[in-house]
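Notes follow the structure.
Rule-based calculations on the coordinates, nothing more; no lab input. Fair warning: this is a prediction, and the values are worked out from it, not measured in the lab. Cβ sites come from the backbone with ideal geometry, for glycine too, and all protein chains shown count toward neighbours.
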């Protein structure tokens, strides 16, 4: 459930900008909310002198600013700095602040790659696809990549594929989905892979891969029906020759329109797949 933020203190003339998301905050209540909401991204830069200056200069919280500045100068742990800021408003109760600090410590104890994945996941969730893709690529090129579990590596590859679909590169997306599936037998990844092939119009490759990945003729038929239903919905919904138009959009260098149409198809496919799963439970 969302929280209604009642701001009772001074409103800043110049906002503090959250470094990871770019959010602009003007009150101490907004600041505390954003710190909790972006907990996994907090580091020494965010909880540093710039924040202390903002508290003092813009919000008039002189004592809080001095305390935070002292902690920064002494190199105190990040949790202590976070507590100083969270206690500057009445947005969270003491038990809630303790819980926030526990979650913060869990994030700090994550491996760098897992933290990077969590940040990229957030960027993807909030629509910053290109920023997320850059984060995922950094993970994939990191020399510590072997530290990731198969499921986490699969998720990184899968999400890269999703972004490539949105950006209008189904061939690259198909390759990423296939790599993701090699690390985790996620059915959604298989379906995304085959949908990418379908969007490419490579029917021969689509059939060959579908038969290779599904040893059950019944499952294969269900999958074909599922994808067919998704495509039929678009044809019947007024988007004539939707799939054929996707190829044309790529040839015409219209990634924004391709993004819109392909993203809708992926969404329809996911909704259909989830509905099938729910009906089996």
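Observations
- Prolate/oblate/rounded label for the range 10-104 (Cα gyration tensor, a/c 1.5): rounded
- Computed from the Cβ-Cβ distance with R0 of 35 Å, the FRET efficiency linking residue 150 to residue 79 stands at 0.65.
- Between residue 211 and residue 130, the simple spin-label model (points 7 angstrom out along Cα→Cβ) gives 4.2 nm.
- R0 of 22 Å, Cβ-Cβ distance residue 43-residue 17: FRET efficiency to nearest 0.05: 0.90
- Fully extending the segment from residue 186 to residue 107, taken as 0.36 nm per residue of separation minus the present Cα-Cα distance, adds 25.8 nm.
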